[in-house]
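Peer 1: Below you will find the structure I want to go over with you.
The values are calculated or read from the model by the stated rules, or taken from the named source; none is laboratory data. Since this is a predicted model, take the numbers as computed values, not measurements. Quick reminder, even Gly has a Cβ in these numbers, built from the backbone with ideal geometry, and neighbours come from all protein chains shown.
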Amino acid sequence: MADSPHQQHVPYSAERHDALKRKIRITLWILLALAIVLAIWGIASRLIGRSELRKRTVQDARLAVVTAKPQLSGAGDELVLPGVVQAYIEAAIYARTSGYLKNWYTDIGARVKKGQLLADIETPEVDRELEQARADLNTALANLQLSRTTNERWKVLLTTHSVSQQDADEKAGDTAAKDAMAKAAEQNVARLEDLESFKRVLAPFDGVVTARNTDIGALINAGEATGTQLFRVADTERLRIYAQVPEAYAASTTTGLHAELHFAEHPGKNYEAEAVRTSNALDPSARTLQVELQLDNHQGEVLPGAYAEVHFKLPSSAQTLRLPANTIVFRAAGMQVATVDNSGKIKLKNILQGRDFGKTIEVLNGVDQNDVVVVNPPDSITDGLPVRIAPTPPAPAGSTQNGNGGQGGGQQGSQNQGGGGQ
(Lines give C-alpha, C1' and ligand atoms only; values in the text may rest on other atoms or scores of the structure.)
Protein backbone atom coordinates (compact mmCIF):
# COMPACT_ATOMS: atom_id res chain seq x y z
CA MET A 1 0.00 0.00 0.00
CA ALA A 2 1.47 3.29 -1.05
CA ASP A 3 2.05 6.09 1.49
CA SER A 4 0.11 9.41 1.17
CA PRO A 5 1.96 12.65 0.42
CA HIS A 6 1.39 13.95 4.00
CA GLN A 7 3.03 10.94 5.45
CA GLN A 8 6.24 11.36 3.43
CA HIS A 9 9.34 12.56 5.56
CA VAL A 10 11.70 15.29 4.28
CA PRO A 11 15.19 14.01 4.50
CA TYR A 12 17.30 15.78 7.28
CA SER A 13 20.39 17.12 5.59
CA ALA A 14 23.75 17.65 7.26
CA GLU A 15 23.96 21.19 5.92
CA ARG A 16 20.89 22.31 7.81
CA HIS A 17 22.18 20.75 10.97
CA ASP A 18 25.49 22.60 10.70
CA ALA A 19 23.77 25.92 10.04
CA LEU A 20 21.60 25.49 13.10
CA LYS A 21 24.60 24.74 15.26
CA ARG A 22 26.39 27.82 13.97
CA LYS A 23 23.43 30.06 14.85
CA ILE A 24 23.23 28.60 18.32
CA ARG A 25 26.98 29.09 18.79
CA ILE A 26 26.87 32.71 17.59
CA THR A 27 23.92 33.40 19.86
CA LEU A 28 25.77 31.95 22.84
CA TRP A 29 28.89 34.01 22.04
CA ILE A 30 26.78 37.13 21.76
CA LEU A 31 25.08 36.39 25.07
CA LEU A 32 28.48 35.70 26.66
CA ALA A 33 29.91 38.95 25.29
CA LEU A 34 26.90 40.86 26.60
CA ALA A 35 27.32 39.24 29.98
CA ILE A 36 31.00 40.13 30.05
CA VAL A 37 30.26 43.75 29.00
CA LEU A 38 27.56 44.00 31.66
CA ALA A 39 29.90 42.58 34.26
CA ILE A 40 32.70 44.94 33.28
CA TRP A 41 30.33 47.92 33.26
CA GLY A 42 28.98 46.96 36.66
CA ILE A 43 32.42 46.56 38.15
CA ALA A 44 33.64 49.81 36.56
CA SER A 45 30.57 51.68 37.76
CA ARG A 46 31.10 50.38 41.25
CA LEU A 47 34.79 51.35 41.20
CA ILE A 48 33.98 54.78 39.82
CA GLY A 49 31.26 55.26 42.38
CA ARG A 50 33.56 54.13 45.16
CA SER A 51 36.28 56.53 43.92
CA GLU A 52 33.82 59.40 43.75
CA LEU A 53 32.56 58.54 47.19
CA ARG A 54 36.13 58.51 48.47
CA LYS A 55 36.81 61.87 46.81
CA ARG A 56 33.61 63.35 48.24
CA THR A 57 34.50 61.98 51.64
CA VAL A 58 37.97 63.52 51.48
CA GLN A 59 36.55 66.76 50.13
CA ASP A 60 33.87 66.87 52.80
CA ALA A 61 36.53 66.28 55.43
CA ARG A 62 38.36 69.48 54.36
CA LEU A 63 37.65 72.74 56.12
CA ALA A 64 34.99 74.68 54.21
CA VAL A 65 35.90 78.35 53.80
CA VAL A 66 34.26 81.41 52.30
CA THR A 67 36.65 83.61 50.33
CA ALA A 68 37.00 87.13 49.05
CA LYS A 69 39.34 88.87 46.64
CA PRO A 70 41.14 92.15 47.32
CA GLN A 71 39.38 94.99 45.55
CA LEU A 72 40.85 98.19 44.18
CA SER A 73 39.50 101.39 45.66
CA GLY A 74 37.45 103.41 43.24
CA ALA A 75 39.03 105.94 40.89
CA GLY A 76 39.19 109.36 42.44
CA ASP A 77 38.93 107.89 45.92
CA GLU A 78 38.01 110.10 48.85
CA LEU A 79 40.56 110.10 51.63
CA VAL A 80 39.13 111.02 55.04
CA LEU A 81 41.59 112.02 57.76
CA PRO A 82 41.39 113.77 61.12
CA GLY A 83 42.58 117.36 61.10
CA VAL A 84 43.87 119.71 63.77
CA VAL A 85 42.67 123.32 63.51
CA GLN A 86 45.04 126.08 64.58
CA ALA A 87 45.02 129.84 64.34
CA TYR A 88 46.99 131.29 61.44
CA ILE A 89 49.21 133.10 63.98
CA GLU A 90 49.15 132.40 67.70
CA ALA A 91 51.53 133.66 70.33
CA ALA A 92 51.92 133.42 74.07
CA ILE A 93 52.69 136.83 75.61
CA TYR A 94 55.35 136.80 78.33
CA ALA A 95 56.86 139.67 80.30
CA ARG A 96 60.29 140.99 79.31
CA THR A 97 60.78 142.76 82.63
CA SER A 98 60.14 141.85 86.26
CA GLY A 99 57.77 143.56 88.65
CA TYR A 100 54.12 143.55 89.66
CA LEU A 101 51.12 143.76 87.38
CA LYS A 102 49.68 147.25 87.72
CA ASN A 103 46.68 146.99 85.35
CA TRP A 104 45.31 144.77 82.57
CA TYR A 105 43.03 146.16 79.88
CA THR A 106 41.85 143.22 77.77
CA ASP A 107 40.23 139.95 78.74
CA ILE A 108 39.51 136.72 76.84
CA GLY A 109 37.52 137.17 73.66
CA ALA A 110 38.61 140.78 73.18
CA ARG A 111 39.71 141.73 69.68
CA VAL A 112 42.93 143.72 69.69
CA LYS A 113 45.01 145.59 67.14
CA LYS A 114 48.74 145.41 66.67
CA GLY A 115 50.45 147.62 69.30
CA GLN A 116 47.36 147.85 71.52
CA LEU A 117 48.09 148.03 75.24
CA LEU A 118 47.24 144.79 77.05
CA ALA A 119 48.67 145.47 80.53
CA ASP A 120 51.00 147.68 82.60
CA ILE A 121 53.75 146.31 84.83
CA GLU A 122 55.08 148.27 87.79
CA THR A 123 58.91 147.98 87.92
CA PRO A 124 60.41 150.18 90.70
CA GLU A 125 63.78 148.41 90.57
CA VAL A 126 64.16 149.05 86.85
CA ASP A 127 63.10 152.67 87.34
CA ARG A 128 65.82 153.22 89.93
CA GLU A 129 68.41 151.41 87.80
CA LEU A 130 67.53 153.63 84.84
CA GLU A 131 67.92 156.80 86.92
CA GLN A 132 71.30 155.57 88.17
CA ALA A 133 72.40 154.69 84.65
CA ARG A 134 71.45 158.14 83.41
CA ALA A 135 73.44 159.74 86.23
CA ASP A 136 76.41 157.53 85.38
CA LEU A 137 76.07 158.59 81.77
CA ASN A 138 76.13 162.26 82.75
CA THR A 139 79.24 161.65 84.85
CA ALA A 140 80.93 159.85 81.96
CA LEU A 141 80.04 162.66 79.55
CA ALA A 142 81.40 165.29 81.95
CA ASN A 143 84.64 163.36 82.39
CA LEU A 144 84.86 162.94 78.64
CA GLN A 145 84.41 166.67 78.08
CA LEU A 146 87.13 167.51 80.62
CA SER A 147 89.47 164.94 79.10
CA ARG A 148 88.92 166.35 75.62
CA THR A 149 89.67 169.91 76.81
CA THR A 150 92.81 168.76 78.58
CA ASN A 151 93.94 166.82 75.54
CA GLU A 152 93.52 169.87 73.29
CA ARG A 153 95.59 172.03 75.69
CA TRP A 154 98.39 169.48 75.83
CA LYS A 155 98.50 169.30 72.07
CA VAL A 156 99.17 173.07 72.00
CA LEU A 157 101.81 172.80 74.71
CA LEU A 158 103.49 170.00 72.80
CA THR A 159 104.04 172.28 69.83
CA THR A 160 106.07 174.66 72.02
CA HIS A 161 107.94 171.76 73.60
CA SER A 162 106.52 172.73 77.01
CA VAL A 163 105.50 169.12 77.70
CA SER A 164 106.92 165.81 76.67
CA GLN A 165 105.49 163.61 73.96
CA GLN A 166 104.75 160.92 76.56
CA ASP A 167 102.57 163.26 78.61
CA ALA A 168 100.65 164.35 75.51
CA ASP A 169 100.04 160.72 74.48
CA GLU A 170 98.75 159.90 77.98
CA LYS A 171 96.21 162.73 77.76
CA ALA A 172 95.07 161.51 74.31
CA GLY A 173 94.71 157.95 75.62
CA ASP A 174 92.72 159.16 78.60
CA THR A 175 90.36 160.98 76.25
CA ALA A 176 89.83 157.81 74.21
CA ALA A 177 89.14 155.79 77.39
CA LYS A 178 86.67 158.38 78.66
CA ASP A 179 84.93 158.33 75.27
CA ALA A 180 84.56 154.55 75.47
CA MET A 181 83.22 154.79 79.02
CA ALA A 182 80.66 157.35 77.89
CA LYS A 183 79.52 155.10 75.06
CA ALA A 184 79.17 152.12 77.47
CA ALA A 185 77.09 154.29 79.77
CA GLU A 186 74.89 155.27 76.81
CA GLN A 187 74.30 151.61 75.94
CA ASN A 188 73.44 150.79 79.54
CA VAL A 189 70.89 153.59 79.54
CA ALA A 190 69.45 152.32 76.26
CA ARG A 191 69.18 148.76 77.70
CA LEU A 192 67.34 149.98 80.78
CA GLU A 193 65.09 152.20 78.66
CA ASP A 194 64.14 149.10 76.66
CA LEU A 195 63.36 147.27 79.90
CA GLU A 196 61.38 150.30 80.99
CA SER A 197 59.39 150.15 77.75
CA PHE A 198 58.56 146.50 78.43
CA LYS A 199 56.41 147.70 81.32
CA ARG A 200 53.78 148.19 78.64
CA VAL A 201 52.63 144.78 77.34
CA LEU A 202 51.50 145.29 73.74
CA ALA A 203 49.66 143.09 71.25
CA PRO A 204 52.12 141.78 68.62
CA PHE A 205 49.48 141.53 65.84
CA ASP A 206 45.78 141.89 65.16
CA GLY A 207 43.84 139.07 66.76
CA VAL A 208 41.76 137.79 69.64
CA VAL A 209 42.83 137.36 73.26
CA THR A 210 42.26 133.67 73.92
CA ALA A 211 43.78 133.48 77.41
CA ARG A 212 44.58 135.75 80.36
CA ASN A 213 46.66 134.16 83.10
CA THR A 214 47.45 137.09 85.37
CA ASP A 215 45.76 139.66 87.53
CA ILE A 216 46.46 142.94 89.31
CA GLY A 217 49.22 142.63 91.91
CA ALA A 218 50.60 139.38 90.52
CA LEU A 219 54.38 138.98 90.67
CA ILE A 220 55.80 139.07 87.17
CA ASN A 221 59.08 137.36 86.27
CA ALA A 222 60.81 138.20 83.04
CA GLY A 223 61.24 135.50 80.43
CA GLU A 224 59.49 132.33 79.37
CA ALA A 225 61.51 129.88 81.43
CA THR A 226 60.76 131.38 84.84
CA GLY A 227 57.78 133.56 84.02
CA THR A 228 54.12 132.81 83.66
CA GLN A 229 52.28 133.36 80.41
CA LEU A 230 50.36 136.61 80.71
CA PHE A 231 48.15 136.46 77.62
CA ARG A 232 47.64 134.38 74.50
CA VAL A 233 46.67 136.14 71.29
CA ALA A 234 45.51 134.37 68.12
CA ASP A 235 44.79 135.59 64.61
CA THR A 236 41.60 133.69 63.69
CA GLU A 237 40.81 135.48 60.43
CA ARG A 238 42.55 132.57 58.72
CA LEU A 239 43.05 129.08 60.08
CA ARG A 240 45.64 126.39 59.50
CA ILE A 241 44.49 122.77 59.35
CA TYR A 242 47.08 120.03 59.70
CA ALA A 243 46.50 116.45 58.58
CA GLN A 244 48.77 113.41 58.47
CA VAL A 245 48.51 111.61 55.10
CA PRO A 246 49.52 107.90 54.98
CA GLU A 247 52.58 106.98 52.96
CA ALA A 248 50.51 105.27 50.24
CA TYR A 249 48.91 108.63 49.35
CA ALA A 250 51.92 110.88 49.90
CA ALA A 251 52.84 111.03 46.20
CA SER A 252 49.28 112.10 45.28
CA THR A 253 49.05 114.78 47.95
CA THR A 254 50.47 117.94 46.45
CA THR A 255 50.13 121.67 46.88
CA GLY A 256 46.80 122.90 45.52
CA LEU A 257 44.90 119.70 46.33
CA HIS A 258 41.33 120.62 47.26
CA ALA A 259 39.59 119.29 50.33
CA GLU A 260 36.31 119.62 52.20
CA LEU A 261 36.26 120.20 55.94
CA HIS A 262 33.46 118.78 58.08
CA PHE A 263 32.91 119.95 61.66
CA ALA A 264 30.69 118.29 64.24
CA GLU A 265 29.51 121.68 65.47
CA HIS A 266 28.33 122.58 61.95
CA PRO A 267 26.47 119.47 60.75
CA GLY A 268 25.57 119.41 57.07
CA LYS A 269 27.89 122.30 56.21
CA ASN A 270 31.09 121.83 54.23
CA TYR A 271 34.02 124.24 54.14
CA GLU A 272 36.33 124.45 51.15
CA ALA A 273 40.06 124.39 51.86
CA GLU A 274 43.24 123.92 49.87
CA ALA A 275 46.58 122.34 50.64
CA VAL A 276 49.12 125.17 50.69
CA ARG A 277 52.22 123.18 51.63
CA THR A 278 53.49 119.79 52.70
CA SER A 279 56.45 118.77 54.80
CA ASN A 280 58.02 117.02 51.76
CA ALA A 281 59.26 114.34 54.15
CA LEU A 282 57.65 111.38 55.87
CA ASP A 283 57.57 111.09 59.63
CA PRO A 284 59.86 108.06 60.15
CA SER A 285 57.85 106.82 63.14
CA ALA A 286 54.33 107.08 61.68
CA ARG A 287 55.18 106.96 57.94
CA THR A 288 52.90 109.92 57.29
CA LEU A 289 53.20 113.20 55.40
CA GLN A 290 52.16 116.37 57.17
CA VAL A 291 49.91 118.57 55.04
CA GLU A 292 48.84 122.13 55.83
CA LEU A 293 45.57 123.54 54.56
CA GLN A 294 44.24 127.06 55.00
CA LEU A 295 40.67 128.16 55.59
CA ASP A 296 39.22 131.66 55.29
CA ASN A 297 37.53 132.28 58.64
CA HIS A 298 36.73 135.99 58.50
CA GLN A 299 33.21 135.25 59.77
CA GLY A 300 34.60 133.48 62.81
CA GLU A 301 32.47 130.34 62.41
CA VAL A 302 35.30 127.88 63.10
CA LEU A 303 37.24 128.03 66.35
CA PRO A 304 40.94 127.19 66.72
CA GLY A 305 41.48 123.87 68.43
CA ALA A 306 38.43 122.28 66.81
CA TYR A 307 38.45 118.73 65.43
CA ALA A 308 37.94 118.52 61.68
CA GLU A 309 37.31 115.73 59.20
CA VAL A 310 39.41 116.45 56.13
CA HIS A 311 37.98 114.91 52.95
CA PHE A 312 40.61 114.83 50.21
CA LYS A 313 39.50 114.00 46.65
CA LEU A 314 42.51 112.12 45.37
CA PRO A 315 43.49 111.78 41.70
CA SER A 316 42.34 108.62 39.94
CA SER A 317 45.89 107.22 39.90
CA ALA A 318 45.84 106.73 43.66
CA GLN A 319 44.27 103.29 44.06
CA THR A 320 44.86 100.81 46.85
CA LEU A 321 43.64 97.34 47.74
CA ARG A 322 40.97 96.70 50.32
CA LEU A 323 39.85 93.59 52.17
CA PRO A 324 36.95 92.80 54.51
CA ALA A 325 37.99 93.41 58.09
CA ASN A 326 37.02 89.85 59.06
CA THR A 327 39.81 88.38 56.92
CA ILE A 328 42.58 89.48 59.30
CA VAL A 329 44.50 86.99 61.44
CA PHE A 330 46.52 88.34 64.38
CA ARG A 331 49.57 86.20 65.09
CA ALA A 332 52.93 86.61 66.77
CA ALA A 333 54.42 87.18 63.31
CA GLY A 334 52.16 90.20 62.90
CA MET A 335 48.99 90.94 60.96
CA GLN A 336 48.26 88.21 58.40
CA VAL A 337 45.64 86.94 55.97
CA ALA A 338 45.01 83.32 54.94
CA THR A 339 44.99 82.80 51.16
CA VAL A 340 44.02 79.70 49.16
CA ASP A 341 46.52 78.65 46.48
CA ASN A 342 45.81 76.79 43.23
CA SER A 343 46.14 73.41 44.96
CA GLY A 344 43.48 74.27 47.52
CA LYS A 345 45.90 74.75 50.41
CA ILE A 346 46.27 77.60 52.86
CA LYS A 347 49.14 80.07 52.58
CA LEU A 348 49.49 82.71 55.30
CA LYS A 349 50.73 86.14 54.16
CA ASN A 350 51.90 89.10 56.27
CA ILE A 351 50.26 92.39 55.34
CA LEU A 352 50.72 96.07 56.12
CA GLN A 353 47.45 97.75 57.04
CA GLY A 354 46.55 101.26 55.94
CA ARG A 355 43.28 102.95 56.86
CA ASP A 356 40.51 101.20 58.77
CA PHE A 357 37.04 101.79 57.33
CA GLY A 358 35.22 99.60 59.82
CA LYS A 359 33.91 96.82 57.57
CA THR A 360 36.94 96.96 55.31
CA ILE A 361 40.61 97.80 55.76
CA GLU A 362 43.18 99.18 53.39
CA VAL A 363 46.11 96.87 52.59
CA LEU A 364 49.29 98.70 51.62
CA ASN A 365 51.32 95.60 50.77
CA GLY A 366 51.41 91.83 51.23
CA VAL A 367 48.66 90.75 48.82
CA ASP A 368 47.73 91.41 45.21
CA GLN A 369 44.45 91.65 43.39
CA ASN A 370 44.48 87.98 42.30
CA ASP A 371 44.82 86.48 45.78
CA VAL A 372 41.91 84.43 47.19
CA VAL A 373 41.56 85.38 50.86
CA VAL A 374 39.69 83.39 53.51
CA VAL A 375 36.87 85.21 55.32
CA ASN A 376 36.52 84.58 59.08
CA PRO A 377 39.53 82.22 59.26
CA PRO A 378 39.60 80.00 62.40
CA ASP A 379 42.39 80.45 64.93
CA SER A 380 43.67 76.95 64.12
CA ILE A 381 44.32 77.71 60.46
CA THR A 382 47.90 76.99 59.41
CA ASP A 383 50.11 76.98 56.33
CA GLY A 384 49.49 74.00 54.02
CA LEU A 385 46.05 73.12 55.47
CA PRO A 386 43.81 71.69 52.68
CA VAL A 387 40.47 73.48 52.41
CA ARG A 388 37.47 73.59 50.13
CA ILE A 389 35.78 76.79 49.01
CA ALA A 390 32.16 76.91 50.13
CA PRO A 391 29.45 78.53 47.98
CA THR A 392 28.97 82.22 48.49
CA PRO A 393 26.03 82.96 50.82
CA PRO A 394 23.32 85.06 49.20
CA ALA A 395 23.36 88.75 50.02
CA PRO A 396 20.51 89.93 52.28
CA ALA A 397 17.60 91.49 50.44
CA GLY A 398 17.65 95.26 50.25
CA SER A 399 21.28 95.55 51.26
CA THR A 400 23.06 98.58 49.80
CA GLN A 401 26.59 98.27 48.50
CA ASN A 402 28.55 101.38 48.09
CA GLY A 403 32.08 101.46 46.77
CA ASN A 404 32.80 105.09 47.57
CA GLY A 405 36.25 105.60 48.89
CA GLY A 406 36.53 107.13 52.31
CA GLN A 407 33.11 106.71 53.91
CA GLY A 408 31.48 104.06 51.81
CA GLY A 409 34.66 102.08 51.35
CA GLY A 410 33.70 99.86 54.26
CA GLN A 411 30.88 98.40 52.21
CA GLN A 412 33.11 96.93 49.55
CA GLY A 413 33.75 93.85 51.58
CA SER A 414 30.14 92.70 51.02
CA GLN A 415 30.71 92.88 47.29
CA ASN A 416 33.89 90.85 47.51
CA GLN A 417 32.59 87.88 49.50
CA GLY A 418 33.17 84.61 47.69
CA GLY A 419 35.19 86.17 44.93
CA GLY A 420 37.78 83.43 45.14
CA GLY A 421 35.25 80.66 44.79
CA GLN A 422 34.01 81.70 41.41
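Peer 1: Could you check, for region 289-307, whether at least one of its residues is buried (at least 18 other Cβ atoms within 10 Å of the Cβ) and touching a helix residue (DSSP H, G or I) at 6+ places or on another chain (Cβ under 8 Å)?
Peer 2: Yes, the conditions are met somewhere in region 289-307.
Peer 1: If a residue must be closer than 28 Å to A133 by Cβ and either in contact with a Ser or Thr (Cβ under 6 Å, 6 or more places away or on another chain) or in a strand (DSSP E or B) (or both), how many such residues does region 197-216 contain?
Peer 2: Adding up the residues that qualify gives 5.
Peer 1: Is there a residue being of a type in the set (G, A, S), over 30 Å from D235 (Cβ atoms) and surrounded by 13 or more Cβ atoms within 10 Å (Cβ to Cβ) anywhere in region 136-145?
Peer 2: Scanning region 136-145 turns up at least one residue that is of a type in the set (G, A, S), over 30 Å from D235 (Cβ atoms) and surrounded by 13 or more Cβ atoms within 10 Å (Cβ to Cβ).
Peer 1: Being surrounded by fewer than 17 Cβ atoms within 10 Å (Cβ to Cβ) and either in a helix (DSSP H, G or I) or in contact with a Gly (Cβ under 9 Å, 6 or more places away or on another chain) (or both), is that true of even one residue in region 217-231?
Peer 2: yes
Here's the yes/no breakdown for (1) assigned by TED's automatic domain parsing to the domain that holds A140; (2) loosely packed, with under 14 Cβ neighbours inside 10 Å:
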| position | (1), (2) |
| --- | --- |
| V189 | yes, no |
| L192 | yes, no |
| P204 | no, no |
| T210 | no, no |
| R238 | no, yes |
| Y242 | no, no |
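Peer 1: Right, another one. Collect the residues in region 351-366 that are surrounded by fewer than 20 Cβ atoms within 10 Å (Cβ to Cβ) and outside any strand (DSSP E or B), keeping them in residue-number order.
Peer 2: G358, K359, G366
Peer 1: Residue under question is N270, and the condition is that it be at pLDDT 90 or above, in contact with a His (Cβ under 9 Å, 6 or more places away or on another chain), closer than 25 Å to D296 by Cα and of a type in the set (S, T, N, Q); does it hold?
Peer 2: Working: at pLDDT 90 or above: yes; in contact with a His (Cβ under 9 Å, 6 or more places away or on another chain): yes; closer than 25 Å to D296 by Cα: yes; of a type in the set (S, T, N, Q): yes.
Here the answer is yes, as N270 does meet what is asked.
Peer 1: Can you report the number of residues in region 327-367 which are charged (D, E, K, R), farther than 16 Å from K69 by Cβ and touching a Ser or Thr at 6+ places or on another chain (Cβ under 9 Å)?
Peer 2: Number of matching residues: 1.
One line per residue, one yes/no per condition, for (1) aliphatic (A, V, I, L, M); (2) modelled with pLDDT of 90 or more; (3) part of a loop (DSSP other than H, G, I, E, B); (4) over 49 Å from the mean Cα position of the chain (by Cα):
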| position | (1), (2), (3), (4) |
| --- | --- |
| Y100 | no, yes, no, no |
| T106 | no, yes, yes, no |
| N143 | no, yes, no, yes |
| V156 | yes, no, no, yes |
| A176 | yes, yes, no, yes |
| M181 | yes, yes, no, yes |
| L195 | yes, no, no, no |
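Peer 1: For A338, are the conditions met, namely being within 30 Å of E90 (Cα to Cα), surrounded by 15 or more Cβ atoms within 10 Å (Cβ to Cβ) and small (G, A, S)?
Peer 2: Numbers: within 30 Å of E90 (Cα to Cα): no; surrounded by 15 or more Cβ atoms within 10 Å (Cβ to Cβ): yes; small (G, A, S): yes.
Answer is no for this residue.
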